[in-house]
Amino acid sequence: MKRCAYLLSLLLALQPGCRQVVNAVNVKQLSPQVVKCGEHPAGWYEYMPQYAPYFCLKTRYAIVFYDPEMQLGHWRLLHPLPPRRVMMEARGDTLILHRSFVWDGMSFGNTVPQQLLPSLLHDALYYALQGNAPFDRYEADAAFLRACRANGCSGCYAAYVSVRTLGGFFGQPPGTIAPVVELTSPTTPPAPLEPDEA
């Protein structure tokens, strides 16, 4: 099955418009533990099958990722549509992800609890790249690898090789609006966080 997914991803690189084929054949799902936690009202994320069956998740709280090896620069990412609320901001080695960020777990296979935070970080950084945030894809992939190791994920290096090889093919889907990135500085105060969901 891994070989099949790899071949389909290569097809995506060669043939524009093959994203739907890859998504249709890709065996992507959330583990029962991930779904159960996402259905619990006290969990840190919400499972929302009504939007994307089997793999749509949304954060309920602000999440702060600190990694002394990250070099993200200083910027804020705003929602592409008014009122353009702040979705995340980078402060060098820290990424502040505001609540209500939607992501879909790992790009391939079965997402287990240990992979939730690494996949959230990686999806958020790739989303920022769509708005031309001032760092490169290698930085996002390396942060993903370190987060996988820190969270005790198995197969960390294989997942890293996958995102290095194939991550560029899963950028902004056609027809979507890119987020807005505003450059800030180390002295810019952090954006106020919205209250957590009840």
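Loop-only check: which trypsin sites (Lys or Arg not before Pro) in segment 53-161 are DSSP coil with at most 16 other Cβ within 10 angstrom? List each step's numbers first, then the result.
On the way: sites: K58, R60, R76, R84, R85, R91, R99, R137, R146, R149; in loops: R60, R84, R85, R99.
Passing both the DSSP loop test and the Cβ count: R84, R85.
I need two numbers for segment 65-198: Rg to one decimal and Dmax as a whole number, Cα atoms only, in Å.
14.6, 41
Take R164, project a point 7 Å from its Cα along the Cβ direction, then tell me which residues of segment 69-102 have their backbone nitrogen under 20 Å from it.
Output list for this probe position: 69-72.
For V181, what is the net charge nearby, where nearby means another residue's Cβ is under 11 Å from its Cβ and Lys, Arg count +1, Asp, Glu -1?
On the way: positive: R76; negative: E89, E182.
Overall, the nearby charge balance is -1.
Show me 119-127, 157-165, 44-52, 185-193 ranked by packing, highest mean number of other Cβ atoms within 10 Å first.
Values: 119-127: 22.9, 157-165: 16.3, 44-52: 14.6, 185-193: 10.1.
Listed from highest to lowest mean packing, they are 119-127, 157-165, 44-52, 185-193.
Coordinate-derived values only; no laboratory data. Since we're looking at a predicted model, the values are computed, not measured. Note that we place each Cβ from the backbone using ideal geometry, even for glycine, and neighbour counts take in every protein chain shown.
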